[in-house]
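Engineer: I'd like to ask you about the structure that follows.
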């Protein structure tokens, strides 16, 4: 509807004034109409006429040419044009599919990115949920989406964990791993990482041993070693991590990834690329390491290969980007990480821009803040006070039981997902389990209950079919008007990669519906057939939105 009107008004203005201007409509308060534009004021300077005079001319053309679409045109203030759409045309928009504006584009979305040998913590949980919805938004607007998950199966964190594992096992005894119960493995792995990290920071002798273990991990990949006792411990523990991640993704009911890319897979290409571009002076030697000097670009210098010849995160991401291009020839590549990775990713992409500018141009880095528990406690896996993803879900489950006396996985999942998704991406997230499970206020369970309530109304009249939605009464029109915004909100959320727009809209929609239902009798009223159509449209729109956010939609609560 909005786009149709904008195109029609652009044509009118072109016919009236031969001016190359694109009309932009804004949603306005209902008392002023449905849409407003300041195009008359934009044209005033070039036409040398008063804005209201231009607005009156445009109004006359709208009334003559768009009578079937626009019910009322009003001029306000210095020359704003307010438009009220006809009831029938407004109602038509609530049944239109989301515009597939990204059809034909291949878009890679990389998110979650947990590291094997470490627990999947609350930050990874947030990235997983947000990334899943961003991928859904891009898909519903037509993109061919490839979901990617990248994880560090090599690197210093693995060296720390492997060192601690060897200490715990008393040496290279892979058979001792069978003594660890399957249910305890995620926690056990997390504990090893904390032990190894503390030793690395506090004990110089242990630090040297960890560096040596880290080198051995790279060597076993280079030699394709799967048989030595050291390798057996590594591969078993690596698999434990991946099994844990898959189980959690199933519990979260997120769309499964198209591909998991381990760091070890892309290291050779990253090293090869950096070495090749070192010959072209893009990367340079400095104190035995290979660096990119970002100062010439207003950035800072970062190491890509350390003095021991090992790749840093930067070189690994070079290899990852080259692998993505080699395997997918994407139109866009979106990477979602925490804010703390922003600077290093900026330098990495700037370095790639020097020799593969098209890849840097097509790559986007979306960042989010820190996940904190209520009270402002930052969670850090390095210090061992991290809350892992399962603990977040357990906290929500406990809060839900305390509030309702029930153990409902749909409600718990809806609570956690919505609590993370409703905040604008970029800032810190403070998670409050009790607030997240509340059936009142801006929460996932509130929206789930609102959907179940609409389903309950429809069950009482299962043959709800019907009247054409015309000649709307005020309360009915307010609801239809809000329903008509859904496609615009989804398009905006997809364009900005911001799921919170959908959350905010659904909460407002539920509030509008509740007011409508409170003041407009549906069943056994003279307008029952029409109002049931509105209830049905509301339920379908709410369900579509909740599904887009990955929230369960129970029909009874």
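The values are calculated or read from the model by the stated rules, or taken from the named source; none is laboratory data. The structure displayed is predicted, hence computed values, not measured ones. All Cβ positions, glycine included, derive from the backbone under ideal geometry; neighbour counts span all protein chains shown.
Engineer: Out of 294, 270, report the one residue that is in contact with a helix residue (DSSP H, G or I) (Cβ under 8 Å, 6 or more places away or on another chain), within 27 Å of residue 328 (Cβ to Cβ) and modelled with pLDDT of 95 or more. Lay out the reasoning, then the answer.
Structural biologist: Values: 294 fails: within 27 Å of residue 328 (Cβ to Cβ).
Being in contact with a helix residue (DSSP H, G or I) (Cβ under 8 Å, 6 or more places away or on another chain), within 27 Å of residue 328 (Cβ to Cβ) and modelled with pLDDT of 95 or more holds for just one of 294, 270, which is 270.
Engineer: Which numbered condition in (1) modelled with pLDDT of 95 or more; (2) touching a strand residue (DSSP E or B) at 6+ places or on another chain (Cβ under 8 Å) is the only one that residue 125 fails?
Structural biologist: So the condition that residue 125 fails would be (1).
Engineer: Here are some residues: 494, 529. Which one is in contact with a helix residue (DSSP H, G or I) (Cβ under 8 Å, 6 or more places away or on another chain) and in a helix (DSSP H, G or I)? Show your work before the answer.
Structural biologist: Numbers: 529 fails: in contact with a helix residue (DSSP H, G or I) (Cβ under 8 Å, 6 or more places away or on another chain).
The match here is 494.
Engineer: Would you check if residue 161 is in contact with a helix residue (DSSP H, G or I) (Cβ under 8 Å, 6 or more places away or on another chain) and crowded, with 19+ Cβ neighbours inside 10 Å?
Structural biologist: yes
Engineer: Among the residues that make up segment 510-522, is at least one of them surrounded by 18 or more Cβ atoms within 10 Å (Cβ to Cβ), more than 22 Å from the chain's Cα centre (by Cα) and farther than 22 Å from residue 439 by Cα?
Structural biologist: yes
Engineer: Please enumerate the residues belonging to segment 59-90 that are in a helix (DSSP H, G or I) and under 41 Å from the mean Cα position of the chain (by Cα).
Structural biologist: Those that are in a helix (DSSP H, G or I) and under 41 Å from the mean Cα position of the chain (by Cα): 62, 87, 88, 89, 90.
Engineer: Keeping to segment 13-44, report how many residues are touching a residue at least 60 places away in the same chain (Cβ under 8 Å) and buried (at least 17 other Cβ atoms within 10 Å of the Cβ). Spell out the reasoning first.
Structural biologist: Taking segment 13-44 first, the residues touching a residue at least 60 places away in the same chain (Cβ under 8 Å) are 27, 30, 34.
Narrowing the set further to residues that are buried (at least 17 other Cβ atoms within 10 Å of the Cβ) leaves 34.
Of the residues in segment 13-44, 1 are touching a residue at least 60 places away in the same chain (Cβ under 8 Å) and buried (at least 17 other Cβ atoms within 10 Å of the Cβ).
Engineer: Looking at 502, 512, 489, can you tell me which residue is at pLDDT 95 or above and over 22 Å from residue 3 (Cα atoms)?
Structural biologist: After applying the criteria, what remains is 512.
Engineer: For segment 305-324, name all the residues that are within 29 Å of the chain's Cα centre (by Cα) and either at pLDDT 95 or above or assigned to a helix (DSSP H, G or I) (or both). Don't jump to the end; show me each part of the working.
Structural biologist: From segment 305-324, those within 29 Å of the chain's Cα centre (by Cα) are 312-324; that's our starting set.
Residues satisfying the conditions are 313, 314, 315, 316, 317, 318, 319, 320, 321, 322, 323, 324.
Engineer: Still on this structure: Applying the selection to segment 545-557, what residues are surrounded by fewer than 18 Cβ atoms within 10 Å (Cβ to Cβ) and part of a helix (DSSP H, G or I)?
Structural biologist: 547
Engineer: Which one of these does residue 344 not meet: (1) at pLDDT below 95; (2) more than 23 Å from the chain's Cα centre (by Cα)?
Structural biologist: (2)
Engineer: Name the residues in segment 355-391 that are in a loop (DSSP other than H, G, I, E, B), surrounded by fewer than 16 Cβ atoms within 10 Å (Cβ to Cβ) and modelled with pLDDT of 95 or more, would you?
Structural biologist: 355
Engineer: Determine whether residue 173 is touching a residue at least 12 places away in the same chain (Cβ under 8 Å), outside the structural domain of residue 498 (by TED's automatic domain parsing) and either in contact with a strand residue (DSSP E or B) (Cβ under 9 Å, 6 or more places away or on another chain) or surrounded by fewer than 21 Cβ atoms within 10 Å (Cβ to Cβ) (or both).
Structural biologist: yes
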